[in-house]
Amino acid sequence: MAVAQGSTTTSAAITAQQAADMATFESERARLVSHINIEMSQVISNINILNRHLETIITIGQEFDHLSNLWSHFNSKEPIGDDNDDVQDQQ
């Protein structure tokens, strides 16, 4: 009987150790999941800020689109070369 009682004590000690290890694992896991959740929230927040800044930049760029077209139209109508210098020399 002494052998049976000794093995029961040993298996109870192993079970207690496994339970302690599982509790430690679960608490560490919960801590890490919480940390990951906080960090992912910060990433999402930063992505939203970046998105707003990009939208602002695109809006500003679109405001210059009309001015760019105007200058492009003006440049295509402007004579190229030294034609203006020849006109001034003749006068």
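Using θ = phi - 60° in the Karplus curve 6.51 cos²θ - 1.76 cosθ + 1.60, the 3J(HN,Hα) couplings for segment 13-29 round to 5, 5, 5, 5, 5, 5, 5, 5, 5, 5, 5, 5, 4, 5, 5, 5, 4 Hz; x is entered for Gly and Pro.
Quotient of the Cα radius of gyration of segment 2-71 and 2.2 N^0.38 Å, N being its number of residues: 2.72.
Computed from the coordinates by the stated procedures, all read-outs in this text should not be read as laboratory data. Bear in mind the structure is a predicted one, so any value in this text is a computation, not a measurement.
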